[in-house]
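Written out below as structure tokens is the structure these notes cover.
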Amino acid sequence: MSVLKQKRTTSKAEFINTAAQIYVETLNFLSRLSARYSRLVAEPVAKLAGEVLDHAEKANSIFPSDAQRIELRKAHLLEARASLMALDVRLTLCYEVMNKNPEGCFTTSTGKTVDASKATEKLDKMAQSLGELIDKENELLKGAVKSLGQRQRP
């Protein structure tokens, strides 16, 4: 039986789902870079998004049953958050690069470029969505670290 939507709460492992969403949306966002910039920027930015996901998965796989495991889990959560903050900075810079020539970021199904105003609108929506996911993940990771800190207290 499923739980009513208004009765649902955030899962303690929601940071993994959000990290996966960030990874997928980051790749989608980076695919909009022109080939000229993509060679320079895409790989390190995608790697940061992958680090967020990897550290979130590693943290979740460690059951905090003793002090050593709690510290290890906390270390991975902190690494995920550090990678997330670095990713946020890098994506902002990518957005600035793409915003200089937004119509080059999108094409129609027939291969024609999208006009500048529509392209800017699409780019802004993509950046907004990623920004909201990053903010959400940041809060989830901070909450998970805080929860571990409370678990350590005797």
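The values are calculated or read from the model by the stated rules, or taken from the named source; none is laboratory data. Just so we're clear, the structure is a prediction, and the values are computed from it rather than from any experiment. Glycine gets a Cβ as well: all are built from the backbone with ideal geometry, and neighbour counts include every protein chain shown. Surface areas here come from the heavy atoms of the whole protein model, side chains and all, with no ligands, DNA or RNA. Shrake-Rupley method; radii C 1.70, N 1.55, O 1.52, S 1.80 Å.
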Revision key, fill the gap. In the chain, helical segments from DSSP H whose Cα atoms cover 27 Å or more along their own axis and that average at least -1.0 on the Kyte-Doolittle scale are 35-61, 67-99, 116-152
Study note, to complete from the structure: Given unit charges at Cβ for Lys, Arg (+) and Asp, Glu (-), the dipole magnitude of the chain about its Cα centre in debye, nearest 20, is 380
Practice item. Filter the cross-link list LYS47/LYS136; LYS58/LYS125; LYS100/LYS136 down to pairs whose alpha-carbon distance in this structure exceeds 22 Å. Key: LYS58/LYS125; LYS100/LYS136
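Between rounded, prolate and oblate, where does region 17-97 land on the alpha carbon gyration tensor, with a ≥ b ≥ c its root eigenvalues, rounded for a/c under 1.5, else prolate if a/b exceeds b/c? Working shown, then result.
On the way: a/c = 3.54, a/b = 2.78, b/c = 1.27.
Prolate, because a/c is 1.5 or more and a/b exceeds b/c.
When Lys and Arg each count +1 and Asp and Glu each count -1, what net charge do the other residues less than 14 Å away from ALA119, Cβ to Cβ, add up to? Let's see the in-between values first.
Numbers: positive: ARG32, LYS100, LYS112, LYS118, LYS122, LYS125; negative: GLU103, ASP115, GLU121, ASP124.
Taking every Cβ under 14 Å from that of ALA119, the sum is +2.
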Check your understanding: Taking the C-alpha atoms of the chain, how large are the radius of gyration and the largest Cα-Cα span, Dmax, in Å?
Key -> 18.5, 64
Exercise for review: Over the chain, average the accessible area per residue using a 1.4 Å probe and give it in Å², no decimals.
Suggested key: 64
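At 1.4 Å probe size, with the rest of the protein present, what percent of the exposed accessible area of region 93-154 is carbon and sulfur atoms?
On the way: 2000 of 3980 Å².
Ligands and nucleic acids excluded, carbon and sulfur reach 50 percent.
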Review point. Of ILE134, TYR95, ALA46, which is farthest on the positive side of the dipole of the chain, counting Cα position, with +1 on Lys and Arg Cβ, -1 on Asp and Glu Cβ, and the Cα centre as origin?
Key: ILE134
